[in-house]
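A.B. asks: The structure follows.
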Amino acid sequence: MSLNSEIRVCICGGGNAAHVMAGLFAAEHNSTIKKVSIFSNFLDTAERMRQGVEKGDGIRVYMSDGRTVIGKPDIISSNAADVIPDSNLIIMPVPALAYESLLREIKPYITSGTVIGATPGMGGFDWVLKRIFGEKYADITAFSMVPMPWNCRIIKYGQEVEVTVQKEPLSFACNRTSSEIRNKLQKTFIEILGSDVTILGHLLAITLFPANSVIHPARLYGLFRDHKEGEVYKENPLFYEDMDDFSANCIEKVSDELQTICKCIEEKSEVRILQDILPITESIPKVYPGKIEDTSNLKQIFRTNSGYKGFHTPMTKIEGGWIPDFSNRYFTEDIPYGLCIYKGIAEILGVETPMMDTVLTWAQKKMGKEYLIHNKLLGKDVIETYAPQIFNINTLAQLITTEELFEPETVNSFTGAQESKIMNN
């Protein structure tokens, strides 16, 4: 690991959390970090951010505790060659759908010993990293962190961002078993993020962390399960504050199935994962301590959580009302890079997931995709997901091995033999 001396961090991305990191990390009072770079290869985000930073002479971060922190990154670029070679800590605060394009761009410039990770790191980040980096994976320290450290929103691009909630404790796992390396990473994250950070025992604990993929699809199923094409709704409900019993029950059932998956991993291996994967009724209060008025049941946890206030449902305004937005990231991210991963792990273990199957079957129709056939991941669009089978992970032994290398760019195309193997699990 290359964090023995000064930290030269590169933030990959140009979204809300990237703005917060850029401002905090580059602030004058943060003596832990010696250089802050930003790499963003999506459209013109790098240039827009650079112009905003120059105009405002830095990024102003309005923290949830009332502080204002101002920091000016040293360099912002859409060219990985400008920023990656001199960085020893690379953080990707991006959705899972952005992993591949960013990792392909930075791979040629990564030096041995670099620390690289994602937050939130669900979505099989380490699997994607192994596939793209190949043998180079052995030379880096890979980590994933949950949850996203903040709820935050950009006010002015490249200039101002507001943090409404700072979450803690944060948790991370990495691909190294050395306690020295893990402890060093923990100390670094605490210093630069300003939050309590705990170490999880296995990267699977991040992949299976009960967050958006448990909540979003099941809530949307609860809202729109009876939706018919062309149907217009008079109002756009609040996603969390208007939580109903049916949706909460669906979310809890998905969480229960996730618990069953984790119990099966513990029963069949030496990996202890249940201590890190809490039921949804326990995980949300842990992430939002002191912000929930009523924890008596899951519906009330959602409805009375001040950290969830004001979020509307992903819908599109049209003449006469609202229609569901089935192209929203709650579908395009949380299904292929979330529920499909849970489902793939369940198939490896032979665990039944009736609620996940119900949500997936409904969602794939709305998305125009085919993931499940007869409640198995055999659809033509599975290849677009991050289900473990796509990375040739077909056994529990492969699933729990953190440092094993995959052949670079190996993608499972679901041949007849592979279908037979899955069907016979």
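The values are calculated or read from the model by the stated rules, or taken from the named source; none is laboratory data. Only a predicted model underlies this, so the values are computations on that prediction, with no experimental measurement involved. Note: ideal-geometry Cβ built from the backbone for every residue, glycine included; neighbour counts use all protein chains shown.
A.B. asks: Say we look at the range 174-227 and pick out the residues that are in contact (Cβ under 8 Å) with a residue 40 or more places away in the chain and of a type in the set (Gly, Ala, Ser); which of these is nearest to residue 144 (Cα to Cα)?
C.D. replies: Residue satisfying both the conditions and the ranking: 205.
A.B. asks: For the condition of a type in the set (S, T, N, Q), within 29 Å of residue 272 (Cα to Cα), at pLDDT below 95 and assigned by TED's automatic domain parsing to the domain that holds residue 249, what is the one hit in 385, 353, 402, 415?
C.D. replies: Values: 385 fails: at pLDDT below 95; 353 fails: at pLDDT below 95; 415 fails: within 29 Å of residue 272 (Cα to Cα).
Just one listed residue meets the conditions, 402.
A.B. asks: From the residues in the range 194-237 that are aliphatic (A, V, I, L, M) and part of a strand (DSSP E or B), which one is surrounded by the most Cβ atoms within 10 Å (Cβ to Cβ)? Talk me through it step by step, then tell me what you get.
C.D. replies: Pass one, the range 194-237, residues aliphatic (A, V, I, L, M): 197, 199-200, 203-206, 208, 211, 214-215, 218, 220, 223, 232.
Still in the running and part of a strand (DSSP E or B): 197, 199.
Details: 197: 21, 199: 16.
Applying the filter and picking the extreme gives 197.
A.B. asks: Right, something else. Say whether the condition of being under 22 Å from the mean Cα position of the chain (by Cα), surrounded by fewer than 20 Cβ atoms within 10 Å (Cβ to Cβ) and touching a residue at least 24 places away in the same chain (Cβ under 8 Å) is met by at least one residue in the range 76-94.
C.D. replies: Within the range 76-94, not a single residue is under 22 Å from the mean Cα position of the chain (by Cα), surrounded by fewer than 20 Cβ atoms within 10 Å (Cβ to Cβ) and touching a residue at least 24 places away in the same chain (Cβ under 8 Å).
A.B. asks: Moving on. Within the range 216-230, is even one residue of a type in the set (Phe, Trp, Tyr) and either in contact with a Gly (Cβ under 8 Å, 6 or more places away or on another chain) or at pLDDT below 95 (or both)? Lay out the reasoning, then the answer.
C.D. replies: Just the residues of the range 216-230 that are of a type in the set (Phe, Trp, Tyr), to begin with: 221, 224.
With either in contact with a Gly (Cβ under 8 Å, 6 or more places away or on another chain) or at pLDDT below 95 (or both) added as a condition, the list becomes none.
Looking for residues that are of a type in the set (Phe, Trp, Tyr) and either in contact with a Gly (Cβ under 8 Å, 6 or more places away or on another chain) or at pLDDT below 95 (or both), one finds none in the range 216-230, hence no.
A quick yes/no check of all residues on (1) touching a Lys or Arg at 6+ places or on another chain (Cβ under 7 Å); (2) of a type in the set (D, E, K, R); (3) modelled with pLDDT under 95:
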{"site": "253", "(1), (2), (3)": "no, yes, no"}
{"site": "257", "(1), (2), (3)": "no, yes, no"}
{"site": "260", "(1), (2), (3)": "no, no, no"}
{"site": "265", "(1), (2), (3)": "no, no, no"}
{"site": "272", "(1), (2), (3)": "no, yes, yes"}
{"site": "275", "(1), (2), (3)": "no, no, yes"}
{"site": "281", "(1), (2), (3)": "no, no, no"}
{"site": "296", "(1), (2), (3)": "no, no, no"}
{"site": "300", "(1), (2), (3)": "no, no, no"}
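A.B. asks: Tell me which helices (runs of 4 or more DSSP H) are completely within the range 1-99 and hold 2 or more residues being within 22 Å of residue 162 (Cα to Cα), or say none if there are none. So that I can check it myself, show each step before the final result.
C.D. replies: Numbers: elements: 16-26, 45-56, 80-83.
Passing ranges, in order: 16-26, 45-56.
A.B. asks: Then there's this: Determine, yes or no, whether residue 313 is in contact with a helix residue (DSSP H, G or I) (Cβ under 9 Å, 6 or more places away or on another chain), farther than 21 Å from residue 123 by Cα and modelled with pLDDT of 95 or more.
C.D. replies: Details: in contact with a helix residue (DSSP H, G or I) (Cβ under 9 Å, 6 or more places away or on another chain): yes; farther than 21 Å from residue 123 by Cα: yes; modelled with pLDDT of 95 or more: yes.
Answer is yes for this residue.
A.B. asks: Could you please find all residues in the range 353-380 being of a type outside the set (A, V, I, L, M, F, W, C), touching a residue at least 60 places away in the same chain (Cβ under 8 Å) and surrounded by fewer than 20 Cβ atoms within 10 Å (Cβ to Cβ)? Steps first, please.
C.D. replies: Initially, the range 353-380 is screened for residues of a type outside the set (A, V, I, L, M, F, W, C), giving 353-354, 357-358, 361, 364-366, 368-371, 374-376, 379-380.
With the extra rule that they be touching a residue at least 60 places away in the same chain (Cβ under 8 Å), the set shrinks to 353-354, 358, 366.
Listed by number, the residues that qualify are 354, 358, 366.
A.B. asks: Taking the conditions exactly as written (touching a Ser or Thr at 6+ places or on another chain (Cβ under 6 Å) and either surrounded by 17 or more Cβ atoms within 10 Å (Cβ to Cβ) or of a type in the set (A, V, I, L, M, F, W, C) (or both)), does residue 50 satisfy them or not? Steps first, answer last, please.
C.D. replies: Details: touching a Ser or Thr at 6+ places or on another chain (Cβ under 6 Å): no; either surrounded by 17 or more Cβ atoms within 10 Å (Cβ to Cβ) or of a type in the set (A, V, I, L, M, F, W, C) (or both): yes.
So residue 50 does not fit the description; no.
A.B. asks: Right, something else. So residue 154 passes all but one of these: (1) in a helix (DSSP H, G or I); (2) modelled with pLDDT of 95 or more. Which condition number does it fail?
C.D. replies: The single condition residue 154 does not satisfy is (1).
A.B. asks: For residue 165, are the conditions met, namely being of a type in the set (A, V, I, L, M), in a helix (DSSP H, G or I), surrounded by fewer than 22 Cβ atoms within 10 Å (Cβ to Cβ) and assigned by TED's automatic domain parsing to the domain that holds residue 85?
C.D. replies: Working: of a type in the set (A, V, I, L, M): yes; in a helix (DSSP H, G or I): no; surrounded by fewer than 22 Cβ atoms within 10 Å (Cβ to Cβ): yes; assigned by TED's automatic domain parsing to the domain that holds residue 85: yes.
The answer is no for residue 165.
A.B. asks: Related question: Taking the range 105-133 on its own, how many of its residues are under 17 Å from the mean Cα position of the chain (by Cα), assigned to a loop (DSSP other than H, G, I, E, B) and over 12 Å from residue 91 (Cα atoms)?
C.D. replies: The qualifying residues number 3.
A.B. asks: So which residues in the range 266-315 are among the hydroxyl-bearing types (Ser, Thr, Tyr) and in a helix (DSSP H, G or I), if there are any at all? Break it down into steps so the answer makes sense when it comes.
C.D. replies: Just the residues of the range 266-315 that are among the hydroxyl-bearing types (Ser, Thr, Tyr), to begin with: 269, 281, 283, 288, 295-296, 304, 306, 308, 313.
Hits for the range 266-315 are 281, 283, 306, 308.
A.B. asks: Okay, next question. Which number in (1) part of a loop (DSSP other than H, G, I, E, B); (2) of a type outside the set (S, T, N, Q); (3) in contact with a Ser or Thr (Cβ under 7 Å, 6 or more places away or on another chain) marks the one condition that residue 348 misses?
C.D. replies: For residue 348, the exception is condition (1).
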